[in-house]
Amino acid sequence: MKITFLGATGTVTGSKYLVTSNNSRILVDCGLFQGLKQLRLKNWGKFPVDPATIDAVVLTHAHIDHTGYLPLLVRNGFSGKVFCSNATRDLCEILLPDSAHLQEEEARYANMRGFSKHHPALPLYTMEDAERALELLTPVDFEQETQIAEGVSIRLSLSGHILGASLVLLKDADTSILFSGDLGRPNDPLMLPPAIVRQADYLVLESTYGDRLHDPEDPEIKLADIINRTYQRGGLLVVPVFAVGRAQELLYFIQQLKAKRMIPDLPVYLNSPMAVDATEIFMRHADKHKLSGEQCRALANSARMVNSVEESRSLNEIRHPVIILSASGMASGGRVVHHIKAFGPDPRNTILFAGYQAAGTRGAAMLNGADSVKIHGEYVPINAEVDFISNLSAHADYSEIMDWLSHFTLPPRQTFLTHGEPVAADALRHRIEERMGWNVKVPEYLETVDLQDQ
Ligand SMILES: [Zn+2]
């Protein structure tokens, strides 16, 4: 067996690993590079392997940095099956068309402004490409061995990161390799903990928080403080959210705080059609998270779901305390941008960020104290309180990763650390080598390792 690292090396995006076993070629994850321009340009380059020669794809979970390249792979000749969990399939059905829509918008914008070197600028992929990719999705059950190509099988176990997220154990006749995908946390309020793993010949492990611990402060208490403070000023709360995962978690916390009478019974609006759909998918997969049917219904009823653009616009007229959750999570686009334009100038209001803010986004600028941000070509003053809750992460921190590794009864022959900035990956390498005496490597982009030679 051989593995080639086609992404998520030195970065947290673009996850793609090619596994070769005899005559079979499997791609594990098919993510888009995001963030810095030199990374995004990799999406446009020639794929290092002819997609037509890949037999099957396996997805660990639905996030775009693990699935968003799939439509392009399909357009360039891949026609095999794409294996994933049922919930991942359902979430891909909303996330991949949305990604295609964003690509088409970007090309349209480039043509309008004339800043592309290509005339006309073309999207990375289209809605049609995304629809073709969705047709190849082949759901498999958790904890069941499934043959996916000649001599190769997989087994999915819960990773606890988002709904449907999986650890993938891939095996041929001689060797097994476990992919952590994104590893969740042991005590998430909504997600079940990651499955305990005792053995694998090789391990590919994420390292997003390889050098950090999450803030120990209880996010529920911090959220209550922020909501109450804003309410007392007569202001309203705008929360930019990621549609899948974070939106449901925030709704859950708000509903809990209301039930405990720790905050007033304010109206809550969930203004993102994608987040509304994701909440429904969450209810459909009741055995893959901690909430009961009743709690799920309470979650869905805890907010007014906003679908239409007219309704979304009318929210901007509100002048009394409410809570508005709206995408995108970094305020880089989507409906929340209109809310920031409407509510950012009033010092009574609060804009609350609940997830990682990448460099260059409006979210990062506001958290750094920018007194204005550019929206639709004009500078909007930000006089509202700007706040951040860090302990809502869906990724294990280094201590949680080390705890998860401690269940292995035998060290893997080699552990590969990916999906982390260079400093985070190297800090985790050092920690695992020192504490556990394991053989750990941080692979390079396009590096191939022969797993028999180890
Ligand atoms: Zn993820």
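Summary table
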quantity	calculated
Spans of helices (runs of 4 or more DSSP H) in the range 263-316 with at least 2 residues crowded, with 16+ Cβ neighbours inside 10 Å, over 19 Å from the mean Cα position of the chain (by Cα) and assigned by TED's automatic domain parsing to the domain that holds Gly329	293-301, 309-315
Answer residue from the range 194-210, given it is within 16 Å of the ligand (Cβ to nearest atom) and in a loop (DSSP other than H, G, I, E, B) and is nearest to the chain's Cα centre (by Cα) among those	Thr208
Matching option when the condition is among the β-branched types (Val, Ile, Thr), surrounded by 24 or more Cβ atoms within 10 Å (Cβ to Cβ) and modelled with pLDDT under 95, among Val82, Val12	Val12
Qualifying positions in the range 1-59 - aliphatic (A, V, I, L, M) and assigned to a strand (DSSP E or B)	Ile3, Leu18, Val19, Ile26, Leu27, Val28, Ala56, Val57, Val58
Filter result for His66 (assigned to a loop (DSSP other than H, G, I, E, B) and within 15 Å of the ligand (Cβ to nearest atom))	no
Glu444 more than 16 Å from the ligand (Cβ to nearest atom) and either part of a loop (DSSP other than H, G, I, E, B) or buried (at least 17 other Cβ atoms within 10 Å of the Cβ) (or both)	yes
Number of positions in the range 245-289 that are closer than 19 Å to Ser312 by Cα, in contact with a Leu (Cβ under 9 Å, 6 or more places away or on another chain) and at pLDDT 90 or above	6
Meets criteria (surrounded by 17 or more Cβ atoms within 10 Å (Cβ to Cβ), modelled with pLDDT under 95 and over 30 Å from Tyr231 (Cα atoms)) for His419	no
Every residue from the range 173-182 that is away from the ligand (no atom under 16 Å from the Cβ) and not in a strand (DSSP E or B)	Ala173, Asp174, Thr175
Positions within the range 189-212 being over 25 Å from His430 (Cα atoms) and in contact with a strand residue (DSSP E or B) (Cβ under 9 Å, 6 or more places away or on another chain), in sequence order	Leu190, Met191, Leu192, Pro193
Phe343 vs. criteria touching a helix residue (DSSP H, G or I) at 6+ places or on another chain (Cβ under 7 Å), modelled with pLDDT of 90 or more, closer than 16 Å to Pro240 by Cα and among the hydrophobic types (A, V, I, L, M, F, W, C)	no
Residues of the range 213-245 that turn out to be assigned to a helix (DSSP H, G or I) and touching a strand residue (DSSP E or B) at 6+ places or on another chain (Cβ under 9 Å), as a count	7
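The rows are residues; the columns are (1) at negative phi; (2) touching an Asp or Glu at 6+ places or on another chain (Cβ under 8 Å); (3) in contact (Cβ under 8 Å) with a residue 24 or more places away in the chain.
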site	(1), (2), (3)
Asp182	yes, yes, yes
Asn187	yes, no, no
Leu190	yes, yes, yes
Leu213	yes, yes, yes
Lys222	yes, no, yes
Ile226	yes, yes, yes
Gln232	yes, no, no
Leu237	yes, no, yes
Val241	yes, no, yes
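The values are calculated or read from the model by the stated rules, or taken from the named source; none is laboratory data. Predicted model only: the values in this text are computed from it and were never measured. Cβ sites come from the backbone with ideal geometry, for glycine too, and all protein chains shown count toward neighbours.
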